[in-house]
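Data first, discussion second: the structure below is written as C-alpha cells.
Bear in mind that the values in this text are calculations on the coordinates, not laboratory data. Here the structure is a predicted model, which means the values were calculated and not measured. Virtual Cβ from ideal backbone geometry, glycine too; neighbours counted across all protein chains shown.
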Amino acid sequence: MSSNAPTLAGAGHPDPKTGDRRGATLAFAVQGVSVAAVYTTVPAVTEHLKLTPLLTTAMMVAVALTAGGGSFLGLAAIRRAGPVATMRGAMLTAAATLVLIGRAPDEATVICAYVLFGLAIGALDVGVNTRAAEIERAYGRSVFGSFYTAWSVGGVVAALLTAGAARLEWPVADGLTLQAGIVLLLVCFVRTHALSAPRAPSGPAVEPSLGRRLWVRLIPFGLVLLVVYVVESTVSAWSTVYLRQTLSASLTVAPLAYAAYQAGTVIGRATADRLVQNLGTTSVVRMAALLAAGALAALAAAPNWPLAVLAAGAAGLGVSVLAPLCLASAARLSPAASEAVLARLNLFNYVGVITGGALSGVLGSTGHFRLAYAVPAALVVLVPASARHFTRPSSPPRKENVPRTL
C-alpha cells in the first residue's frame with residue numbers, strides 16, 4: 001500500500017484499506033461481467049452474423065492471444081499511471097467493445113471488436129491482480145478469494161442476463177448493450193473511491209531485478225495456472241455452445257451451464273479464505289483439484305443439459321480457488337515487483353486459455369465436445385503434485401503507524 005494511505009487512519013476515521021478493497025472488488029466484478037457477456041453470447045453472435053464454426057474458434061483464440069498482449073500493455077500502464085488508472089481505462093474500453101461486438105455489421109468488424117476486447121481484458125487482468133496482491137499484503141491474511149468471488153458474481157449476473165435476453169427474444173446487440181451499461185455503472189462507483197497509489201516512488205522508477213531463480217520458482221504456479229485456464233476457457237467459452245449443439249438446449253437454456261459454473265465459483269471463492277486459514281493452502285488446493293476433476297468427467301458424460309448444468313456448477317466449485325491462491329502465492333515471491341511477476345505469470349494463463357479454447361473449438365466443430373471436457377479432467381489430476389509450493393500470508397496485519405490523537 002502507499003505510504004500516504006495511513007494518513008486517513010486513526011480514531012474516528014475509516015481504515016484506508018477498506019476503500020481500496022471495495023474499489024478492487026468492484027473492478028473484479030466488472031471483469032467477471034465483461035468476460036461472461038462475451039462468452040455467453042458467442043452462439044447468438046455466430047448465428048446472427050452466420051459465422052462458420054472455424055471462424056468462431058479463431059475469434060476465441062484471438063481474444064486469448066490479444067489478452068496476453070494486453071497484459072503487458074497493462075504492466076506498462078501500471079508503471080506509468082498506477083493500477084487504479086489502468087483498471088479504469090481497461091474497464092471503459094471493455095464496455096465500448098461489448099457494444100461494438102453486439103452491433104458489428106459484418107465479420108471484419110466483429111473480429112476487430114473481439115481483438116480490442118482481448119487487449120482490454122488483459123490489461124484489466126494484470127491491474128486487478130496487482131491491486132489485490134497489494135491489498136492482501138496490507139491485511140496480512142488471505143483475502144484474494146473475496147476478490148474472485150466478486151468476479152464470479154459478476155459472471156453469474158451477466159450469464160443470467162444473457163439467458164433472460166434470449167428468453168425475451170432481444171437482439172444480441174440489445175443484450176450486450178445492457179451488459180455494457182452495467183459495466184459503466186460499476187466503473188462510476190469505482191471512481192467514487194479515493195484509492196491510494198500502490199507505492200509512492202521517491203525517485204526515478206527502477207524495475208526490480210527478478211533473477212533467474214525466481215522464474216524457476218514460478219514454474220509450478222505457471223503450470224497450475226495453465227491447467228486451471230484450460231478448464232476455465234473450455235467451460236466459459238464453450239459450455240454454452242456445448243449445451244446448444246451437443247445436448248440440443250435452446251438459446252434460453254444454453255447459458256445456464258456458464259451461470260452454474262460461475263455460481264459454483266462464487267461459493268468456492270467465498271469460502272476459500274476461511275478454508276485456507278483453517279486447513280492450510282496445500283490441503284485446499286489438493287481437495288479442490290480432485291473435486292474439479294470428478295466434475296469435469298461428469299460434464300463430459302452428461303446425458304442431458306440439466307445434469308451438464310449441475311456438473312458445470314461442481315466444476316466451478318472445485319476450480320474456483322486454484323487461480324486466486326496461485327496468484328497470491330506467486331505474488332509473495334517478490335512483493336516489491338508483484339506487477340511484473342503477475343504480468344509474466346499471466347502468460348501461462350493465456351496459454352491455457354488458448355490451448356483450452358482452441359482444443360475445445362476444434363473438437364466441438366468435429367462433433368467431439370465430450371472429449372473436450374474429458375481431457376481437462378485428466379489434466380486437473382496433476383495439480384495436487386504442485387500443491388506444496390503454495391503459501392499463505394504469514395505476517396500479522398500491519399498496524400498503521402499514525403498518532404491516534406485528535
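Each semi-axis of the equivalent ellipsoid for region 240-354 is √(5λ) with λ an eigenvalue of the Cα gyration tensor; in descending order they amount to 30, 17, 11 Å. Computed packing ranks the peptides 46-58, 251-263, 86-98, 65-77 as 251-263, 86-98, 65-77, 46-58, most packed first, by mean other Cβ atoms within 10 Å. A protection proxy built from the mean count of other Cβ atoms within 10 Å ranks the segments 279-291, 24-36, most packed first, as 24-36, 279-291. Among CYS112, CYS188, a tally of other beta-carbon atoms within 10 Å of each Cβ gives an order, fewest to most, of CYS188, CYS112.
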